[in-house]
Amino acid sequence: MPDRREKFSLIPGLLVALGLLPLLYLGDLREHVLTYAVLAVATTFLLYSGIFLIRRQQIPIRPRDLLLVALLLRALTFPLQPSLSDDAWRYLWDGRLLLNGLNPYHHIPADTALAEFHDQLFALQGYPETNTIYPPVAQTIFATSMAIAEPFGDHPLVGFYIWKVFLIAGEMFAIWLLLLLLKRWRIPLYGAALYAWHPLVLVEIAGQGHTDGLWVLALGIAVVGFALGKRGGEGLAGDSSVKEKRVSIAGGGGLPGLGFGIGARLFPLVILPVWLRFLDRRRALLGIVLALPFALTLALFLDPEAFNRYTTVAARFTNYYEFNGGIYRGIKWILDEFHLKPSNQIAGRIVTGAMLLGIGAITLWPLRRRTLSALLGRVLGIITLQIALTAKVHIWYFVAPLFLLAITNNRRFALLWYWAALVAPLTYLYYAVDPNFEQPWVLWLEWGGMGVLYVVGEVWGRRKLKIEKNVFLNLESKV
């Protein structure tokens, strides 16, 4: 019999819609950054409170309701223009070059050889003296967007909105895959709602059009590919009350999804080794074969010269372009206090070394079981480490961890990432002053809070595990 209280599960989504509606009337959000930050943080808090209350009252969320509200919220934020970030203009610039038969990896935008393209779009895109960092699969989608936009005029906004149609369609498909999995394993949809209705996700993907929506699509395909053909076993989300199943070779173990992700966003490359460790030889080989088409796109675009430029720029963006860096910022401050120069390069090498060691340790740590919940726990650990040790951290990087938490509510990481997603809009306050300045109180609030909540999550998780173990031992003794 249907639960009559189900209609109350829509209230958090309605609150998000009401909270984000004023953004449509603000125009350039960079010019109203304080208003935007207050609205975003307040709306996120309302979402968290609403989901907490309906979860406490055990009010179910129906999959079709979650999907419909998610689509409506994306329609609400779709009209937003890329005023918080100019990344989308660079996507379109690269796509136009490719559409005109030019390899975007061979030219910086300011190249005099591209003088015929130095128009409105050139003026809008950022980093005119920097080579592109976007991988070939993403470049193909950029070019497709520009090709469709061409008959409708040359205004950059046309291409931008067409690009967002592709992006939102891909992300909604990932949410649909997520709901299929959660329904199959009978896992409540509260975590899925926290992702699908989250203001940060809505503004940064459906609003600003960041490519992290493709990262989410890659994760959705990869997780479903890993989970295909399960039968028997223990909980998908690490919950002992839900039965997890063993995996057949179907789906290539999720590697095609990761292949697409690497070709579209590059970040999935860091989780590829640990993913391979969780696959047997047959599934790994099948997955590699299925992922080959995406690998071949790299060969098509990246000749040796272009590859060298690409890797150089990617490393520079990761380690030397500073913005909202957590641990990096602390190390750099210590180096500056001791007058060790160049502090940015030294700090960049330290965090890069720590990142590689940490990812290696997580990847090579002995496997107790090859379950999806165990795999996603390690993936979350690697992504968390990567973001925490990067010099340049934008809030749209937080989208992927929120998506993973919808599948596995890992106690170790849930608190810190939901906190980060709550306060992250405050980082836009760096643009509220001229010249732009990273405000220390925001850094402490964001990264200090994440550190404290990681410790809390670790202690809480260990305590709960110990209680569950004691309960099991007591029951066993009585038997």
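Restricting to the range 74-106, what's the tally of residues that are within 30 Å of R184 (Cα to Cα) and surrounded by fewer than 17 Cβ atoms within 10 Å (Cβ to Cβ)?
1
Quick check on my filter: what residues within the range 303-343 are polar (S, T, N, Q) and either at pLDDT 85 or above or touching a strand residue (DSSP E or B) at 6+ places or on another chain (Cβ under 6 Å) (or both)?
N324, S343
Is there a residue in the range 451-474 that is in a helix (DSSP H, G or I), at pLDDT 90 or above and either within 27 Å of S83 (Cβ to Cβ) or small (G, A, S) (or both)?
Yes, some residue in the range 451-474 is in a helix (DSSP H, G or I), at pLDDT 90 or above and either within 27 Å of S83 (Cβ to Cβ) or small (G, A, S) (or both).
Regarding T35, is this residue loosely packed, with under 15 Cβ neighbours inside 10 Å, at pLDDT 90 or above and out of contact with any Gly (no Cβ under 7 Å at 6 or more places or on another chain)?
Here the answer is yes, as T35 does meet what is asked.
Against the condition in contact with a helix residue (DSSP H, G or I) (Cβ under 8 Å, 6 or more places away or on another chain) and surrounded by fewer than 21 Cβ atoms within 10 Å (Cβ to Cβ), how does I205 come out, does it pass?
no
Could you tell me how many of the residues in the range 76-109 are in a helix (DSSP H, G or I), free of Cβ contacts under 8 Å to residues at least 60 places away in the same chain and under 25 Å from the mean Cα position of the chain (by Cα)?
3
Look at the range 254-285 and say how many of its residues are in contact (Cβ under 8 Å) with a residue 60 or more places away in the chain, basic (K, R) and either more than 18 Å from A138 (Cβ to Cβ) or part of a helix (DSSP H, G or I) (or both).
Final tally of qualifying residues: 1.
Taking the conditions exactly as written (within 29 Å of G257 (Cβ to Cβ), hydroxyl-bearing (S, T, Y), at pLDDT below 95 and in a helix (DSSP H, G or I)), does T352 satisfy them or not?
Here the answer is yes, as T352 does meet what is asked.
Identify all residues within the range 110-151 that are closer than 23 Å to N308 by Cα, assigned to a helix (DSSP H, G or I) and free of Cβ contacts under 8 Å to residues at least 24 places away in the same chain; write none if there are none.
Selection gives T112, A113, L114.
Looking only at the range 338-356, decide whether some residue is under 20 Å from the mean Cα position of the chain (by Cα), of a type in the set (D, E, K, R) and under 26 Å from P135 (Cα atoms).
There is no residue in the range 338-356 that is under 20 Å from the mean Cα position of the chain (by Cα), of a type in the set (D, E, K, R) and under 26 Å from P135 (Cα atoms).
Determine whether the range 192-207 contains at least one residue that is without any contact (Cβ under 8 Å) to a residue 60 or more places away in the chain and not acidic (D, E).
Within the range 192-207 (the criterion being without any contact (Cβ under 8 Å) to a residue 60 or more places away in the chain and not acidic (D, E)), the answer is no, since none of the residues qualifies.
Would you list the helices (runs of 4 or more DSSP H) that sit entirely within the range 384-444 and hold 2 or more residues that are surrounded by fewer than 21 Cβ atoms within 10 Å (Cβ to Cβ)?
411-423, 440-443
Got at least one residue in the range 283-295 being at pLDDT below 80 and either out of contact with any Lys or Arg (no Cβ under 7 Å at 6 or more places or on another chain) or among the basic types (K, R) (or both)?
Looking through the range 283-295, at least one residue is at pLDDT below 80 and either out of contact with any Lys or Arg (no Cβ under 7 Å at 6 or more places or on another chain) or among the basic types (K, R) (or both).
Go through (1) in a helix (DSSP H, G or I); (2) in contact with an Asp or Glu (Cβ under 8 Å, 6 or more places away or on another chain); (3) not aliphatic (A, V, I, L, M) and name the single condition H210 misses.
(1)
Among the residues of the range 345-373, which ones are surrounded by 17 or more Cβ atoms within 10 Å (Cβ to Cβ) and in contact (Cβ under 8 Å) with a residue 40 or more places away in the chain?
A347, G348, V351, I359, I362, T363, T371, L372, S373
Could you tell me how many of the residues in the range 360-374 are closer than 12 Å to A227 by Cα and small (G, A, S)?
Within the range 360-374, residues that are closer than 12 Å to A227 by Cα and small (G, A, S) number 1.
Residue-by-condition table, conditions (1) of a type in the set (G, A, S); (2) modelled with pLDDT under 95; (3) farther than 22 Å from L426 by Cα; (4) not in a helix (DSSP H, G or I):
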position	(1), (2), (3), (4)
F8	no, yes, yes, no
L21	no, no, no, no
G27	yes, yes, no, yes
L39	no, no, no, no
Y48	no, no, no, no
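Which residues, counting only those in the range 142-165, are of a type outside the set (S, T, Y), under 13 Å from L214 (Cβ atoms) and in contact with a helix residue (DSSP H, G or I) (Cβ under 6 Å, 6 or more places away or on another chain)?
Listed by number, the residues that qualify are F142, W163.
Hey, L71 hits all of (1) hydrophobic (A, V, I, L, M, F, W, C); (2) under 28 Å from I395 (Cβ atoms); (3) crowded, with 16+ Cβ neighbours inside 10 Å but one; which does it fall short on?
Looking at each condition in turn, L71 falls short on (3).
The values are calculated or read from the model by the stated rules, or taken from the named source; none is laboratory data. No experiment lies behind these values; they were computed from the predicted model shown. Positions of Cβ are backbone-derived with ideal geometry, glycine not excepted, and every protein chain shown enters the neighbour counts.
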